[in-house]
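S.K.: First the structure, then my questions, so here it is.
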Amino acid sequence: MATPKTSKQELLAVLNSVLGKPAGSPIALHEPNIGDHENELVAKCLSSGWVSSVGQYITEFETGLAKFTKAEHVIAIVNGTAALHLALHAVGVKPGDEVIVPTLSFVATANSVLYTGAKVRYADINPKTLCISLEEIKKNVSLKTKAVFLMNANGRYPSDIDDIVSYCKDNNIILLEDSAQALGSFYPDGIHQGRKGIAGSFSFS
């Protein structure tokens with residue numbers, strides 16, 4: 001565990017030693033590990049002729065993700081932005097509505113709202129959690145508020161998540177979760193992130 005006295009160079013040296021890289025090597029945010037097994041599976045998929053929309057591997061993926069997250073339903077979509085857009089359509093967000101979005105997120109969260117014709121209302125984040133808070137949601141709620149997007153920043157979550165869930169329920173506001181980077185992250189009560197709202201989305205960059 002790094003302490004305030006740990007220098008940047010010391011921290012990088014530890015990371016490089018864990019990753020097995022020479023000192024001074026760049027450390028990627030996402031680095032794919034594609035080996036013989038992955039190549040074999042891609043070849044099998046291509047030879048099956050089913051390379052989009054349906055097929056054995058998509059079914060296995062959806063089933064496995066549902067089992068891991070304990071979600072009742074899982075649908076594989078082309079990317080995270082499309083999943084967010086689809087979720088908004090599914091809950092009836094339309095032009096004239098407003099959706100509260102945290103100021104810290106990728107542009108996909110806001111874009112998915114704009115694709116529906118609804119208006120984005122930005123709510124500031126709590127600097128300790130990097131997530132939206134109930135206090136900021138309340139500051140931005142209007143008579144046109146249809147939904148709130150919670151964004152789990154790399155598995156972080158609002159410390160007042162249960163209060164947010166209750167507030168949205170009591171005020172007929174739809175809670176959606178953009179859990180793009182949160183696969184494998186759980187709330188303190190053991191519920192997988194992405195499952196507190198009406199729908200949650202994961203992406204796999």
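S.K.: If I filter segment 70-89 down to residues being among the hydrophobic types (A, V, I, L, M, F, W, C) and open to solvent by 70 Å² or more (accessible area, probe 1.4 Å), which single residue comes out as farthest from Phe202 (Cα to Cα)?
M.R.: Out of the qualifying residues, it is Leu86.
S.K.: Further question on the same structure: Of all residues being outside any strand (DSSP E or B) and under 18 Å from Gly197 (Cβ atoms) in segment 90-105, which is most open to solvent (accessible area, probe 1.4 Å)? Just the residue, please.
M.R.: If we take residues in segment 90-105 being outside any strand (DSSP E or B) and under 18 Å from Gly197 (Cβ atoms), then Ala90 is most open to solvent (accessible area, probe 1.4 Å).
S.K.: Kindly establish whether Val18 is part of a helix (DSSP H, G or I), within 30 Å of Ser179 (Cβ to Cβ) and open to solvent by 100 Å² or more (accessible area, probe 1.4 Å).
M.R.: Working: part of a helix (DSSP H, G or I): yes; within 30 Å of Ser179 (Cβ to Cβ): yes; open to solvent by 100 Å² or more (accessible area, probe 1.4 Å): yes.
Yes.
S.K.: Could you check segment 27-51 and list, in sequence order, the residues that are open to solvent by less than 70 Å² (accessible area, probe 1.4 Å) and of a type in the set (Gly, Ala, Ser)?
M.R.: Matches in segment 27-51: Ala28, Gly35, Ala43, Ser48, Gly49.
S.K.: Enumerate the pairs (first residue in segment 186-197 and free of Cβ contacts under 8 Å to residues at least 24 places away in the same chain; second residue anywhere and surrounded by fewer than 23 Cβ atoms within 10 Å (Cβ to Cβ) and outside any loop (DSSP other than H, G, I, E, B)) with beta-carbon separation below 7 Å, excluding pairs fewer than 6 apart on the same chain, so at least 6 apart or on different chains.
M.R.: Phe186/His192
S.K.: If we scan segment 57-69, do we find a residue that is surrounded by fewer than 18 Cβ atoms within 10 Å (Cβ to Cβ) and touching a helix residue (DSSP H, G or I) at 6+ places or on another chain (Cβ under 7 Å)?
M.R.: Yes, segment 57-69 contains a residue that is surrounded by fewer than 18 Cβ atoms within 10 Å (Cβ to Cβ) and touching a helix residue (DSSP H, G or I) at 6+ places or on another chain (Cβ under 7 Å).
S.K.: Now a separate question. Give me the residue from segment 162-181 that is part of a helix (DSSP H, G or I) and not basic (Lys, Arg) and, out of that set, surrounded by the fewest Cβ atoms within 10 Å (Cβ to Cβ).
M.R.: Asp170
S.K.: In segment 142-161, what residues are touching a residue at least 24 places away in the same chain (Cβ under 8 Å), open to solvent by 10 Å² or more (accessible area, probe 1.4 Å) and in a loop (DSSP other than H, G, I, E, B)?
M.R.: Scanning segment 142-161 gives Ser142, Lys144, Arg156, Tyr157, Ser159, Asp160.
S.K.: So which residues in segment 185-195 are over 17 Å from Ile75 (Cα atoms), open to solvent by 30 Å² or more (accessible area, probe 1.4 Å) and in contact with a strand residue (DSSP E or B) (Cβ under 8 Å, 6 or more places away or on another chain)?
M.R.: Result: Phe186, single match.
The values are calculated or read from the model by the stated rules, or taken from the named source; none is laboratory data. Model, not experiment: these values are computed from the prediction. Please note: Cβ atoms are built from the backbone with ideal geometry, for glycine as well, and neighbour counts cover all protein chains shown. Calculation scope for accessible area: heavy atoms of the full protein, side chains included, ligands and nucleic acids excluded. Shrake-Rupley method; radii C 1.70, N 1.55, O 1.52, S 1.80 Å.
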